[in-house]
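Below: one structure, written as structure tokens.
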Amino acid sequence: MSPIPDSGRDTLAFARASYRALGLYDPLREPCEVDLSDNTNLFGVPPSAGRALAELAGPAVTRYPAVYARELKRALADYAGVAPEAVVTGCGSDDVLDSAIRAFSEPGDTIAFADPTFAMLPVFARMNGLVARTVPFRADGDVDADALLATGARVTYLCSPNNPTGAACSAATIARVVDGAAGVVIVDEAYIEFAAPHASLAALAPRRANLLVARTLSKAFGLAGLRVGYAVGAPPLVADVEKSRGPYKVSGPAERAAIAALESDRAWVGAHVAEVVANRARFATALRDAGRTVAPSDANFVLVRVADAAAAAAAMRARGVAVRPFPGLTGVGDAVRITIGPWPMMERALAALTEADQ
Ligand SMILES: *Cc1c(COP(=O)(O)O)cnc(C)c1O
């Protein structure tokens, strides 16, 4: 057989033009002794999920998983208080968000979202060929509903509680956006377990034509490594996200462990959520008592103003504590985002921050 001749062509010429400016997500992340950088659950694996994973050698590994995760949808629907037809799953909620954005827009359409918000939004916009229109927060800290609606966007994204600032959107603001939007509104509730009880729109979403609520087992449920996300909405909306997503997105082992956690670990999750909420208040008070500016948070992290975000994060890492730096955040300035975990970790973070940012 003759080898394929080398054509000498430029490999980069084959890529989508819109991908050229895209970098990889956080490619420099290194392990760190106390990692408070990614808002995951710092209390370990939910016990029932851990047992399910330990027993997994067998069909859950050798066979394909359920095509559209029927059993997992049933468990998620029960947790979210909706019917299984109102649920779509994905490989993390990142996958659900990306699939939903693609399902409800054409390349060239507009997607609107607040700034600052979840760092993946500009990436999803670009990957799906959309024009991103960003809107700063209002002076009172709420999302600017009028400015979002004025974009006439085909897709509007709201993150509530918002990453990286921490506060949930007011119910009135979300209602105005959903009611007035020309297209679909995606409300990202990745941190909803840490917010006020009944703040979630998941139970309402199946009865609204244009509202999709995205959620994840990566944060409160402590299963980020398994990649299980989901969204809740009217069955026709959810069916379109499912088409866009494709088959087999949740692995068999992830599905088994997620079902075990949803069925048997809710008390474990609830207890650690309560501990995070208590530690969040204690940590924010300690920071404010030290004269720092801390954004109000309904999530499992707080955003703290610093003089120089990159320098503070590097100096904290040198002291064994990883946090996420946000240089020049719109309306905030330089800040670091610190995940809330067990109190001894927060004491480490307080000491490291005090030395890192004087
Ligand atoms: C962490 C996070 C997600 C992504 O979670 P996965 O389910 O792990 O993909 C989605 N949205 C926001 C706002 C997040 O902070």
With the dipole of the chain defined by +1 on each Lys or Arg Cβ and -1 on each Asp or Glu Cβ, the option from 52, 351, 285 whose Cα lies farthest towards the positive pole is 52
Over the Cα atoms of the chain the radius of gyration and the largest Cα-Cα distance (Dmax), both in Å, equal 21.0, 75
For segment 167-216, dividing by residue count, accessible area per residue (probe 1.4 Å) in Å² works out to 39
From highest to lowest solvent-accessible area (probe 1.4 Å; ligands, DNA and RNA excluded), 25, 248, 230, 79 read 25, 248, 79, 230
So, with points 7 Å from each Cα along the Cβ direction, the residue 78-residue 171 label distance in nm works out to 2.8
Length gained if residue 115 through residue 64 is fully extended, taking 0.36 nm per residue and subtracting the Cα-Cα distance, is 14.4 nm
Rounded to the nearest 10 Å², the 1.4 Å probe accessible area of residue 156 is 10
If every Lys and Arg gets +1 and every Asp and Glu gets -1 at its Cβ, then about the Cα centre the chain yields a dipole, in debye to the nearest 20, of 400
Expressed in angstrom and rounded, the centroid-to-centroid distance over alpha carbons for segment 267-303 and segment 70-99 is 28
The Cα extents of segment 110-183 along the principal axes, largest first and rounded to whole Å, are 32, 26, 16
Between residue 127 and residue 29, Cβ-based FRET efficiency (R0 30 Å, step 0.05) works out to 0.90
GNM on the chain, Cα springs under 10 Å; top mean-square fluctuation among 280, 227, 126 goes to 126
Percent relative contact order for segment 275-331, counting Cα pairs under 8 Å at least six residues apart, stands at 21
Whole-Hz Karplus couplings 3J(HN,Hα) for segment 298-308, θ = phi - 60° and coefficients 6.51, -1.76, 1.60, Gly and Pro as x, run 10, 10, 9, 8, 10, 9, 10, 5, 9, 6, 9
Distance in Å, no decimals, from the C-alpha centre of segment 120-198 to the one of segment 23-43 is 25
For the chain, the accessible surface attributable to carbon and sulfur atoms (probe 1.4 angstrom, ligands and nucleic acids excluded) amounts in percent to 56
Rounded to the nearest 10 Å², the accessible area of residue 96 using a 1.4 Å probe with every protein chain kept is 0
Contact order relative to length for the chain, counting C-alpha pairs under 8 Å separated by 6 or more residues, stands in percent at 23
A chain fully extended from residue 54 to residue 266 at 0.36 nm per residue, minus the present Cα-Cα distance, gains in nm 74.4 nm
Rounded to the nearest 500, the 222 nm mean residue ellipticity computed for the chain from DSSP H runs (n ≥ 4, each -39500 (n - 2.57)) alone is -11000 deg cm²/dmol
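The values are calculated or read from the model by the stated rules, or taken from the named source; none is laboratory data. Keep in mind the model is a prediction, meaning the values are calculated, not measured. Positions of Cβ are generated from backbone atoms using ideal geometry, with glycine treated the same way; all protein chains shown enter the neighbour counts. Note: areas computed on protein heavy atoms with side chains; ligands, DNA, RNA excluded. Shrake-Rupley method; radii C 1.70, N 1.55, O 1.52, S 1.80 Å.
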